[in-house]
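Notes for the one structure printed next.
The values are calculated or read from the model by the stated rules, or taken from the named source; none is laboratory data. In this text, all values refer to a predicted model and were calculated from it rather than measured experimentally. No Cβ is skipped: glycine too gets one built from the backbone with ideal geometry, and neighbour counts run over all protein chains shown. To get the accessible areas, we keep the full protein, side chains included, count just its heavy atoms, and leave off ligands, DNA and RNA. Shrake-Rupley method; radii C 1.70, N 1.55, O 1.52, S 1.80 Å.
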Amino acid sequence: MVELRQQCLWEYVTPPTAPAVALNSDAVADVCVIGGGITGLSAALHLLEQGKSVVLLEARDIGHGGSGRNVGLVNAGTWIRPDDVEATLGQQQGSRLNKVLGEAPAEVFALIQRLGIDCQARNQGTLHMAHNATGVADLQARHEQWTRRGADVELLTGARCEEYCGTTQIAAALLDRRAGTINPMGYTRGLAEAVERLGGRIHPQSPVQGLERSGNQGWRVKTAKGSVQAEKVVISTGAYTEGDWTDLQRHFFRGYYYQVASVPLHGAAADNVLKHGQGSWDTRTVLSSIRRDDQGRLLLGSLGRVDNKPSWFIRSWADRIQSHYFPQLGKVEWEMHWTGCIDFTPDHLMRLFEPAPGIVAVTGYNGRGNTTGTVIGKAFARFLMQDDPAALPIPFSPMKPVAVPALRTGFYETGFSLYHAGQCLRVVL
């Protein structure tokens, strides 16, 4: 039996970036970016391309957070249906957000090509798979709503659905040809390399300890051993936001998402699993994500965490999902597992903030960071350059206290754990 180890696949297969050092002195820049994920790196990249100087501070290492640890789906739109987006935000604002995020995968793949990033990019679409009749109805509604907006989507059923998904357990699947898959760590590190090529300074292992107004010179961002004096600041720490220096934690609750990767699989049976190269997820409330990497591994994931669970539990869950959807694979050996964090909001929509003049922040990607982070980083750069609210896909939200209780994290995690235990025991699926 292969040893099941706790390690992020994407970190394992992605070449490391050139060594960088923590901030240990005082620096000056036009913009200080806090957070070295996709949003922060996209903002830094687009600011540098417009001639601005940038210092980026990352509390750990580039890609450590959700940007490097996610499933790698390059999704279009938001978690919720486009009609629901417009019902929540209003027709004008909701329509704009649907358009921006509907076109976001094209932005990601164009940026990958322009920068020459090696990240297993495949613009072959994604599959949202209906696991029961309720799921079919949901996909029918999504198909109608996106088709009405001119999106290139197709509802697959029958033999065509089985051909694309590689399983008889799915009654219908929504193929979204706008979307695709990447190695998210490769993408994140590729953005970091592009930032450094343009002269941006990146300092990992430099958690921010304070942010204060500095006279008429803008802002002073403090770390343990240095500081950055900047006219403007981008806060892009997402679910990994920490410290008393920011109130962003009051605007989301932290959720977890885990993944389990097999050893590389080969042969006719394996080749028929997602044979056209899409990544996928099902319509369960506690969803399962399914995709392959470029070496043939099968990757399964779900809401919750397994970094605090024994190997037998992880294997049992992965065996259960695999044997349900792909029994033709027989016994699969599981090689590694990892857990990441997601910043959730009650309505599953992100929030943009302007806590003070010259500071912009974002939270609440709800698991859609690869695309959303890319376009929001670019939008923040444009806003800071032009001071034009029209650069943003949605207006800023007020920084007033909101009722997002921290207890939600524990409540949801307990529920997810019980659900997955039921899957292992074959009580639920």
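Points worth noting:
- Screening Val228, Val306 for residues that are in contact (Cβ under 8 Å) with a residue 40 or more places away in the chain and part of a loop (DSSP other than H, G, I, E, B) leaves exactly one candidate, Val306.
- Checked against (1) within 28 Å of Glu162 (Cα to Cα); (2) open to solvent by less than 70 Å² (accessible area, probe 1.4 Å), Ala133 passes all but condition (2).
- Matching residues, segment 270-303, being closer than 16 Å to Tyr258 by Cβ, over 17 Å from the mean Cα position of the chain (by Cα) and without any contact (Cβ under 8 Å) to a residue 60 or more places away in the chain: Leu298
- Apart from one condition, Arg197 fits all of (1) surrounded by fewer than 18 Cβ atoms within 10 Å (Cβ to Cβ); (2) within 11 Å of Val55 (Cα to Cα); (3) of a type outside the set (A, V, I, L, M, F, W, C); the exception is (2).
- Thr241 open to solvent by 10 Å² or more (accessible area, probe 1.4 Å), among the hydroxyl-bearing types (Ser, Thr, Tyr), under 27 Å from the mean Cα position of the chain (by Cα) and at pLDDT below 95: no
- Conditions (1) farther than 28 Å from Cys119 by Cα; (2) open to solvent by 50 Å² or more (accessible area, probe 1.4 Å); (3) without any contact (Cβ under 8 Å) to a residue 40 or more places away in the chain; (4) not aliphatic (A, V, I, L, M); number of the one not met by Asp247: (3)
- Criterion violated by Asp347 - all others in (1) under 20 Å from Asn75 (Cβ atoms); (2) part of a loop (DSSP other than H, G, I, E, B); (3) in contact with an Asp or Glu (Cβ under 7 Å, 6 or more places away or on another chain) satisfied: (3)
- Failed item in (1) at pLDDT 95 or above; (2) under 30 Å from Ala270 (Cα atoms); (3) surrounded by 16 or more Cβ atoms within 10 Å (Cβ to Cβ), with Gly373 passing the rest: (2)
- Count of segment 231-244 residues, restricted to those that are free of Cβ contacts under 8 Å to residues at least 40 places away in the same chain and on the phi < 0 side of the Ramachandran plot, is 1.
- Looking only at segment 136-165, and only at residues there that are in a strand (DSSP E or B) and hydrophobic (A, V, I, L, M, F, W, C), the one that is surrounded by the fewest Cβ atoms within 10 Å (Cβ to Cβ): Leu155
- Applying a threshold of 6 Å to beta carbon distances and a minimum spacing of six or more residues, or different chains, the list of pairs starting in segment 126-144 at a residue that is closer than 13 Å to Ala171 by Cβ and touching a residue at least 12 places away in the same chain (Cβ under 8 Å) and ending at one that is assigned to a helix (DSSP H, G or I) and open to solvent by 20 Å² or more (accessible area, probe 1.4 Å) reads Ala130/Val136.
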